[in-house]
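Nothing in this text is a laboratory measurement; each read-out follows from the coordinates by a stated rule. Quantities reported herein were computed from a predicted structural model and do not represent experimental measurements. Quick reminder, even Gly has a Cβ in these numbers, built from the backbone with ideal geometry, and neighbours come from all protein chains shown.
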């Protein structure tokens, strides 16, 4: 919603069971009287922010945690093909990849700082400019990395999948993520992940994914160096836990449970 307030719209209705969705960029005011299930939150949002939401006493018992979904099978079933050649990336060099809009909060300049600490690795940045490309280009010039940092701009989804399969590690210095689907997409392609502790990252670490958390350029550089030697063999199976078929099944079960409670 443009004014930052929660937006409420019906998803469907039966005579005895209203189903409604809420889009809320900020804290959600919840009435003290609640039905069997009053909200669905992604895992990361639940663990990080639930304590900060202005929920009435007892409402926490009515919250169900369901994460966002990803088409894990589609991402996994790609191949590198000639993507390096088409985007003028070196054929044999180790390659780190970042995908996302070039917003200030993505902190790509810190990712460039991290690359400056490393040798013999290239960085591909796949994402459209969101007002911060100039600052990134300036940092690239400061470090003399024009031959190792590749600004690809926004690329087709199929090419991004091929890029993941052609890369050695997914790296992000983003300081804020609502969830972070790109991490799951990269993991589904078998990439290890280096990132800050934002969005879904804490849950992936807890699940045993090949994910290293770093807070600054030096830490990012160390983590990239550690992970670029091998792919995240276990990451596709972890990403599969977030596949849309499983997530839809959890929503269907939730609706069935709520409908059962409403009939009592």
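Modelling each spin label as a point 7 Å along the Cα-to-Cβ direction, I'd like the residue 244/residue 137 distance in nm, to one decimal.
Once both label points are built, they end up 3.6 nm from each other.
Using the number of other C-beta atoms within 10 angstrom as an exposure proxy, rank 198, 97 with the fewest first.
198, 97
Please give the length that would be gained between residue 226 and residue 253 if that part of the chain were fully extended, namely 0.36 nm times their separation in residues minus their C-alpha to C-alpha distance (nm, one decimal).
Going from the current span to full extension adds 5.6 nm.
Please order 234, 245 by the number of other Cβ within 10 Å, starting at the fewest.
245, 234
What is segment 72-240 by shape, rounded, prolate or oblate, if you read a ≥ b ≥ c off the alpha carbon gyration tensor as root eigenvalues and call it rounded for a/c under 1.5, prolate for a/b larger than b/c, and oblate otherwise?
Note, shape of segment 72-240 comes out rounded.
Suppose R0 equals 22 Å. What FRET efficiency, 1/(1 + (r/R0)^6) with r the Cβ-Cβ distance, do residue 215 and residue 147 give to the nearest 0.05?
Taking R0 as 22 Å, the efficiency between residue 215 and residue 147 is 0.20.
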